[in-house]
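Report on the structure given below.
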Amino acid sequence: MLVVVHENYDAMSRKGAEVIASRIRRKPNLVLGLATGSTPVGVYKELISLHRNEGLDFSKVVTFNLDEYVGLPPEHDQSYHYFMKDNLFKDININPSNVHVPQGMFGDVKISSFETDPKIVQFCEWYEDEMKKYGGIDIQVLGIGGNGHIAFNEPGSSIGSRTRIKTLTEKTVADNARFFKTANDVPRYAITMGVGTIMEAKELLLLANGAGKADAIKAAVEGPVTAMCPASALQLHRKAIILTDKPAATKLSAEFVTYG
Ligand code: F6R
C-alpha cells in the first residue's frame, strides 16, 4: 500500500487527478471507477481543467460509480446521478452511453422485501456483469467514511460482498445530513458495490482529507484487516494508493508514509 501525505487538500487533489490522467493517457478506453461525496470534488475540478487546458480526452473512457441512494430520482440534486453530472460529466467530453451510475429508483418496493426484490437483485447482477463486460475496473476512486466505510459498505459488511442494497448506519445518515434540509430527508438505503467488487479493480485510489478522517485512515492502514473497518481490506490489494492531506494523516506512524 502506498500512502502519500500532501500539504493540503489542493495538493492531494492535483496528485489524484495526475494519477487518473496518466492512466487515461496510457489507456484511452480506461474503465474508471468513480466516487461521490465532498472528498473527490477537487480531483474532478483538476480533471476538468486538464481536459480544457491539456486536451485530456474522455471520449473513450468508461465509468462506473460506486453507489446511489435508493429513492432519489436522477434529477434530485442530492442523487449521485446529479452529483456526477454537476461535478464532472457536464464539463468533460465523456460519452453518456459510457457512464454507469447505479439505479436508485425501483418503483413500489416494500422495505421489508428490499433484499429479495427481483428488480433490485437483477439490477445488482446486471451492474456486476456490465463491469465484467468492459474487462473490469482499471482504477477505482474511493473516499472513506469517518467509520471506515468504503462506498456504502458500512462496518460489518463482508469483505467478499458484491453489489447489493444496504442500510445506511445512523453515523452515515448523520454525516450526510449536511447535504439535506433535515436528517429525516437523508435516504436510509443505497445500492452499493460490495467490498469484494471494489477489491477486483486492478488499482485503487483512496482519498482522505481533514482531521475527521484521521481515525479511519489509521484503522484502514495500520489496524487489523477486519469487516469492522471495510477500508482495511485495501491492505490485501496488490495496488492500492492512499492520498491524504496532513490532518487526515496525523494518527499514522511517521515511518510508514511518504510525502508528496
Ligand atoms: C460516495 C461514497 C462514500 C464516500 C464517503 C466519504 O460515493 O462511496 O463512501 O466516499 O462517505 O464521503 P465524503 O467524501 O463526503 O467525506
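The values are calculated or read from the model by the stated rules, or taken from the named source; none is laboratory data. Owing to the predicted nature of the structure, the values given are computational and were not obtained by experimental measurement. Glycine gets a Cβ as well: all are built from the backbone with ideal geometry, and neighbour counts include every protein chain shown. To get the accessible areas, we keep the full protein, side chains included, count just its heavy atoms, and leave off ligands, DNA and RNA. Shrake-Rupley method; radii C 1.70, N 1.55, O 1.52, S 1.80 Å.
Observations on the model:
- Taking segment 113-160 as the range and being surrounded by 15 or more Cβ atoms within 10 Å (Cβ to Cβ), in contact with a Phe, Trp or Tyr (Cβ under 8 Å, 6 or more places away or on another chain) and over 22 Å from residue 98 (Cα atoms) as the test, the residues that pass are 114, 117.
- Condition check for residue 215: open to solvent by 20 Å² or more (accessible area, probe 1.4 Å), over 30 Å from residue 17 (Cβ atoms) and more than 11 Å from the ligand (Cβ to nearest atom): no
- Within segment 166-182, one or more residues are under 16 Å from the mean Cα position of the chain (by Cα) and closer than 30 Å to residue 135 by Cβ.
- Scanning segment 161-181 for residues being open to solvent by less than 70 Å² (accessible area, probe 1.4 Å) and either more than 15 Å from the ligand (Cβ to nearest atom) or of a type in the set (Asp, Glu) (or both) gives a total of 1.
- Wholly within segment 167-259, helices (runs of 4 or more DSSP H) carrying at least 3 residues that are of a type in the set (Gly, Ala, Ser): 214-222
- Among the candidates 14, 52, 23, residue that is within 20 Å of residue 138 (Cβ to Cβ) and either open to solvent by less than 70 Å² (accessible area, probe 1.4 Å) or in a helix (DSSP H, G or I) (or both): 23
- Scanning segment 27-42 for residues that are part of a loop (DSSP other than H, G, I, E, B) and within 25 Å of residue 209 (Cα to Cα), we see that the one that is most open to solvent (accessible area, probe 1.4 Å) is 38.
- Hits in segment 94-112 - residues which are part of a helix (DSSP H, G or I) and either open to solvent by 90 Å² or more (accessible area, probe 1.4 Å) or in contact (Cβ under 8 Å) with a residue 12 or more places away in the chain (or both): 96, 98, 111, 112
- Screening residue 208 with (1) closer than 23 Å to residue 111 by Cα; (2) modelled with pLDDT of 95 or more; (3) within 13 Å of the ligand (Cβ to nearest atom) gives one miss only, at (1).
- Flag for residue 144 being near the ligand (Cβ under 10 Å from one of its atoms), touching a residue at least 40 places away in the same chain (Cβ under 8 Å), at negative phi and touching a strand residue (DSSP E or B) at 6+ places or on another chain (Cβ under 7 Å): yes
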